[in-house]
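J.: Have a look at this one before I ask anything.
The values are calculated or read from the model by the stated rules, or taken from the named source; none is laboratory data. Here the structure is a predicted model, which is why all the values come from computation and not from measurement. Because the Cβ atoms are built from the backbone with ideal geometry, glycine has one as well, and the counts that use them run over all protein chains shown. Only protein heavy atoms, including side chains, enter the accessible area calculation; ligands, DNA and RNA are left aside. Shrake-Rupley method; radii C 1.70, N 1.55, O 1.52, S 1.80 Å.
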Amino acid sequence: MTVMLTAAEGRNVLDRIDSPRLVLVEGSDDQAIIAALIRQESLDGFHVHNMVGKDKWSGRLLAICRVAGFGKVLGLGLVRDADDDAQGTLASCKTTLARARLPVPDMAGQLAEGRPSVAVAIVPTSDGIGAIEEVCLPSFDEGRMACVDNYFACLATTGQIRTKARVQVYLAGESPQCRDLKVAANSGVLNLAHGTFDGLREFLHELRSA
Amino acid sequence: MYKSLQIENFRGLRHLDVPRLAPVTILTGRNNVGKTTVLESLFLHAGGPRAAQLLLTLLRPYRQPGVAPNIEFSRYATPWETAFYDRDPSKRIRLIGQIDRHKITIELSIPRENLPSHIPSGLRSGEATSATTFASVPAFSYEMRILIDDKSILPDELKHREYTQSVSAQIGQTFFGASGLQQIAGVNFDLKPEEDSDALVLSNFISPQGRSSSVELAQRYTNLRLRKREGGFLNAMRAIEPAIDTIEVLFSGTPALYVSLQGGPLLPLSAMGEGMISVANYAAAIFDTDGGLILIDEVENGIHYTALERLWRQIGQAVKDTGTQVVASTHSYECVRAAYQAFQGDPDTLQLVRLQQGDDAPAAVAAVDYDLETLEGALDMSLDLR
């Protein structure tokens with residue numbers, strides 16, 4: 001199961017699109033996890049493009065619409081972090097899609113029919129806060145996570161401990177050791193069968209149906 | 001100003017729709033995709049009543065100075081057929097341009113009596129075997145028709161009828177001489193009706209092979225001086241050579257442009273680098289063609305990448321000052337990026353059109369347009385725009 005991977009920066013430039021489904025994500029962690037889920041679900045014909053950040057999606061999407069092969073894309077997916085405002089992120093996606101004259105879904109997870117059909121996924125959920133780390137955290141072993149939290153307590157870390165930091169410490173203790181979610185997804189450390197990934201799984205199947 | 005262009009059956013393009021042309025349009029795309037053909041289409045269309053004559057100047061086997069018509073060529077196709085898609089002159093060339101609010105169609109065809117079955121075959125290389133052999137490329141002709149939605153913008157003499165003109169021509173003669181195959185240069189042609197109407201839009205086509213002569217440049221600069229518009233020309237030249245003090249027209253046998261750098265002696269422009277000569281051609285054409293159309297093939301030719309942004313700024317300013325439209329092709333990523341940087345904050349002036357394989361018909365070429373925001377997104381992601 002080959003998933004085409006490209007990025008807005010670096011060597012894997014988006015030259016052309018030969019896959020009927022294109023998923024745009026914010027970063028390399030999201031890209032690796034989405035690609036791993038696609039492989040796990042044995043979904044054919046996916047291309048995942050890393051937009052490298054949450055800024056400049058409007059101009060970048062306009063440019064992507066002009067890349068050779070985009071006219072043959074049947075399903076376009078946008079995966080965005082909710083951060084601290086899931087509704088605001090969805091609204092931003094809608095504006096970006098409208099600017100590119102693409103179909104605009106009313107809500108996250110819904111497929112707006114057209115050529116291509118378009119769906120938006122907000123992670124961790126359409127009414128939550130956070131990012132891809134919040135999706136992954138429930139899949140981690142509870143006992144080992146308790147050790148991670150004890151580690152921070154032992155260090156007497158003050159202030160709110162960010163999810164990203166907890167995830168990094170957890171992954172550092174895995175075997176093989178992983179420095180981030182990208183490596184974890186690629187090395188099979190992530191338990192992708194866990195129900196926490198069901199939302200993304202449904203999103204990908206929705207796109208597959210386009 | 002040209003807003004859009006449709007091309008049918010011209011050279012390698014069966015159909016191409018260029019949906020938007022801006023005051024400054026950059027054309028990109030891989031080799032042989034049709035960039036020069038788009039420039040030539042605009043050149044012919046802008047010529048209007050002169051299109052059939054102008055087509056003679058664009059016959060590619062003849063366009064490189066010093067190169068004789070390729071004798072081998074005539075074994076397979078006559079040179080004038082290369083103007084037609086699939087080398088099939090039965091498919092008429094149609095160029096549909098929108099100039100401001102008007103849609104104007106120019107059709108070019110070879111009259112039925114001159115279609116290939118009626119044209120004697122050309123020379124075959126085997127025939128040119130001795131110094132006594134002498135033959136000519138057969139005569140041929142084009143016919144042109146102008147269709148227009150509003151005749152009011154046509155020159156006065158053309159307003160009241162559908163305009164059709166034919167041009168028949170014989171391009172040089174080829175013979176086997178002391179130094180091998182040689183060509184007697186020159187094109188003889190007859191016009192029917194015999195009238196020389198104004199072009200629809202005054203245009204200049206500048207290519208690496210087709211620059212103005214020193215005399216023409218001197219004449220243009222003189223025109224600018226007479227109209228006190230040499231300042232823009234000087235600024236454009238300084239964009240690539242800030243050390244320029246003065247530019248003068250001097251007469252030494254023939255008039256020519258001379259340039260002084262940092263108080264040094266006046267030197268002929270022709271002694272300067274390629275980039276200086278390129279920019280002199282661009283600036284002279286833009287400032288001497290108010291409201292016209294400047295077509296530049298391979299605009300970056302000879303110009304260092306660090307000077308490109310300054311050059312584009314000068315072109316942008318010149319376009320604003322003169323109302324001249326510029327369409328330029330390039331293979332250079334630096335050139336595209338420099339144009340974007342020069343026109344940032346001025347979204348209505350710059351447009352990039354990339355010719356690329358079409359999604360629906362892979363064998364066909366499609367024109368994909370990028371406005372400034374889209375261009376920013378593409379450059380930001382290092383998409384291949386060339």
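J.: By average Cβ neighbour count within 10 Å, what is the ranking of A:193-205, B:305-317 from highest down?
T.: Per-residue Cβ counts within 10 Å, averaged per peptide and sorted highest first, yield B:305-317, A:193-205.
J.: Still on this structure, I have one more. Taking the Cα centre of chain A as origin and charging only Cβ (+1 Lys, Arg; -1 Asp, Glu), how large is the dipole, in debye to the nearest 20?
T.: With only Lys, Arg, Asp and Glu charged at Cβ, the dipole is about 860 debye.
J.: OK, next. Summarise the partner chain shielding of A:15-24 as one whole number: the mean count of Cβ atoms from other chains within 10 Å of each residue's Cβ.
T.: Taking all residues of A:15-24 together, the mean is 1.
J.: Assuming a viscosity of 1.306 mPa s and a temperature of 10 °C, what translational diffusion coefficient in µm² per second does Stokes-Einstein assign to chain A, Rh being the Kirkwood radius over Cα pairs?
T.: 90 µm²/s
J.: Chains A and B: buried accessible surface, both sides, probe 1.4 Å, rounded to 100 Å²?
T.: Adding both sides of the contact gives about 1500 Å².
J.: Mind listing the Cα extents of region A:132-187 along all three principal axes, in Å, largest one first?
T.: Sorted from largest, the Cα extents of region A:132-187 read 33, 21, 18 Å.
J.: Considering just Cα atoms, how many Å³ per residue does the convex hull of region A:5-80 enclose?
T.: Spelled out: Cα convex hull of region A:5-80, divided by residues, is 82 Å³.
J.: Separation between the B:Thr222 and B:Leu267 pseudo-spin-labels, each 7 Å from Cα along Cα→Cβ, expressed in nm?
T.: 2.5 nm
J.: How do the peptides A:169-179, A:102-112 rank, highest first, by the average count of neighbouring beta carbon atoms within 10 Å per residue?
T.: The packing order, highest mean first, is A:102-112, A:169-179.
J.: Separate question: Hey, got the average number of other protein chain Cβ atoms within 10 angstrom for residues in B:367-376?
T.: Across the residues of B:367-376, the mean count of other-chain Cβ atoms within 10 Å is 4.
J.: To the nearest 10 Å², what's B:Ser260's accessible area with a 1.4 Å probe?
T.: It works out to around 10 Å².
J.: I'd like the mean, over residues of A:64-73, of how many other protein chain beta carbons sit within 10 Å of each residue's own Cβ.
T.: The mean count of partner-chain Cβ atoms within 10 Å per residue comes to 5.
J.: Calculate, for region A:132-187, the solvent-accessible area per residue in square angstrom, rolling a 1.4 angstrom probe over the heavy atoms of the protein chains.
T.: Value returned for region A:132-187: 60 Å² of accessible area per residue.
J.: Let me ask something additional. Using only the alpha-carbon atoms of region B:280-386 as identical scatterers, what base-10 log of I(q)/I(0) does the Debye formula give at q = 0.15, 0.19, 0.20, 0.22 Å⁻¹?
T.: Those come out to -0.66, -1.01, -1.10, -1.28, one per q.
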